[in-house]
1. Give me the residue from the range 82-111 that is surrounded by 13 or more Cβ atoms within 10 Å (Cβ to Cβ) and acidic (D, E) and, out of that set, farthest from Q61 (Cα to Cα).
2. Return the total of residues in the range 5-38 being among the aliphatic types (A, V, I, L, M) and either under 10 Å from L100 (Cα atoms) or touching a residue at least 60 places away in the same chain (Cβ under 8 Å) (or both).
3. For residues that are assigned to a helix (DSSP H, G or I) and out of contact with any helix residue (DSSP H, G or I) (no Cβ under 9 Å at 6 or more places or on another chain), tally how many sit in the range 11-28.
4. Of all residues in the range 70-81, which are modelled with pLDDT of 95 or more and hydroxyl-bearing (S, T, Y)?
5. Consider I84 against the criteria (1) modelled with pLDDT under 95; (2) under 12 Å from the mean Cα position of the chain (by Cα); (3) under 20 Å from T6 (Cα atoms): it satisfies all of them except one. Which criterion is unmet?
6. Has the range 97-105 got any residue that is farther than 22 Å from K21 by Cβ, part of a helix (DSSP H, G or I) and out of contact with any Lys or Arg (no Cβ under 9 Å at 6 or more places or on another chain)?
Amino acid sequence: MLSRRTVQYENGIYNVEIVAKEASLADGIKFQATLRKQNEKHKPNDPADPEDWAAIYFYTQVYAMCMCGTAEIRNVEPNSQELILDGLTEDKFMELPEALVVYWQAAVAELNPQWLPFVGVNQKTEESQEATPTG
């Protein structure tokens, strides 16, 4: 069974539980496809503008992680704003409260560190340096 982690968020508008999941191989393939599609779609208007790069990071990396690393979203309070995973467009995603997105991405990243940029390279380098030959 793959791991899961639940994050609760409530701010007076939203009252949700987001269930992040450890990715299966199929989820990883979906993540890579979503990331590539988003990267092709979003290019910086001004490569020197840090705001452009921040927006691109959220439109690509964060959106792909949250969409592909979430098992379900439970709307806890019936009178709060409903949040539905299926059909959550990138534009609607960008309108969510920043804290909600940050906590959501953190839960997904905790279970799927391989999706963070450069993590695999750094881990492999550290492991290679620590490994000693046997024999």
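The values are calculated or read from the model by the stated rules, or taken from the named source; none is laboratory data. Remember, predicted model here, so these are calculated numbers, not experimental data. Glycine also receives a Cβ, built like all others from the backbone with ideal geometry; neighbour counts cover every protein chain displayed.
1. E110
2. Initial filter on the range 5-38 (among the aliphatic types (A, V, I, L, M)): 7, 13, 16, 18-20, 23, 25-26, 29, 33, 35.
Those still in the list that are either under 10 Å from L100 (Cα atoms) or touching a residue at least 60 places away in the same chain (Cβ under 8 Å) (or both) too: 7, 13, 16, 18, 20, 23.
Qualifying residue count for the region: 6.
3. Residues flagged as assigned to a helix (DSSP H, G or I) and out of contact with any helix residue (DSSP H, G or I) (no Cβ under 9 Å at 6 or more places or on another chain) within the range 11-28 amount to 2.
4. Residue satisfying the conditions is T70 alone.
5. Looking at each condition in turn, I84 falls short on (2).
6. yes
Per-residue answers, yes or no, for (1) in contact with a Ser or Thr (Cβ under 9 Å, 6 or more places away or on another chain); (2) more than 15 Å from N112 (Cα to Cα); (3) buried (at least 16 other Cβ atoms within 10 Å of the Cβ):
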| residue | (1), (2), (3) |
| --- | --- |
| S3 | no, no, no |
| N15 | yes, yes, yes |
| Q32 | no, no, no |
| L35 | yes, no, yes |
| K43 | no, yes, no |
| D46 | no, yes, no |
| D52 | no, yes, no |
| Q61 | no, no, yes |
